[in-house]
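Step one of this worksheet: look at the structure below.
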Amino acid sequence: MAQGVKTIKNTSKKILFSELKEIIDEYKPEKIVIGLPKNMDGSEGFRVDATHKFADKLKEIYNGEIIFWDERLSSMGASRYLNETNTRGQKRKNVLDTVAACIILEGYLNSIKNN
């Protein structure tokens with residue numbers, strides 16, 4: 001089951017990659033799954049390009065496998081889950097990205113389980 005470790009606010013690239021390196025050093029993951037923000041029609045836009053640039057930068061601190069996973073509807077699924085658990089206000093804002101990331105990871109894990 002996927003679970004969040006930490007949500008890092010992207011206030012600066014230096015801080016972001018420093019915190020990511022700490023997490024990578026602690027958990028030593030074999031793979032990192034990155035949500036790929038495709039458009040709803042499946043096409044790839046500027047956000048996909050930015051995601052690939054992020055992954056290229058990540059490779060400077062991580063030498064394991066990086067997997068891109070379609071993240072369409074993950075935010076909608078996260079919102080639906082938070083509605084079902086009656087999570088509101090500031091708490092909802094604080095966990096929305098973490099829940100969406102868990103949904104992305106669950107999708108990937110389910111795909112390898114079913115293959």
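Does GLU26 meet the test of being part of a helix (DSSP H, G or I) and among the acidic types (Asp, Glu)? Yes; evaluated as a whole, the condition is true for this residue.
Could you tell me which residue of segment 72-93 is nearest to ASN110 (Cα to Cα), considering only residues that are in contact (Cβ under 8 Å) with a residue 24 or more places away in the chain and open to solvent by 50 Å² or more (accessible area, probe 1.4 Å)? Filtering segment 72-93 for residues that are in contact (Cβ under 8 Å) with a residue 24 or more places away in the chain and open to solvent by 50 Å² or more (accessible area, probe 1.4 Å), the one nearest to ASN110 (Cα to Cα) comes out as ARG72. Of the candidates ILE66, ILE104, the single residue that is farther than 16 Å from ALA2 by Cα and open to solvent by less than 50 Å² (accessible area, probe 1.4 Å) is ILE66. Against the test of being touching a helix residue (DSSP H, G or I) at 6+ places or on another chain (Cβ under 8 Å), open to solvent by less than 60 Å² (accessible area, probe 1.4 Å) and on the phi < 0 side of the Ramachandran plot, the options LEU96, LEU16 yield a single qualifying residue, LEU96. For segment 43-63, a residue qualifies if it is assigned to a loop (DSSP other than H, G, I, E, B) and open to solvent by less than 30 Å² (accessible area, probe 1.4 Å), and the qualifying residues are GLY45, TYR62.
The values are calculated or read from the model by the stated rules, or taken from the named source; none is laboratory data. Everything quoted here is computed from the prediction, not taken from an experiment. Positions of Cβ are generated from backbone atoms using ideal geometry, with glycine treated the same way; all protein chains shown enter the neighbour counts. Heads up: the accessible areas ignore ligands, DNA and RNA and are worked out on the full protein's heavy atoms, side chains in. Shrake-Rupley method; radii C 1.70, N 1.55, O 1.52, S 1.80 Å.
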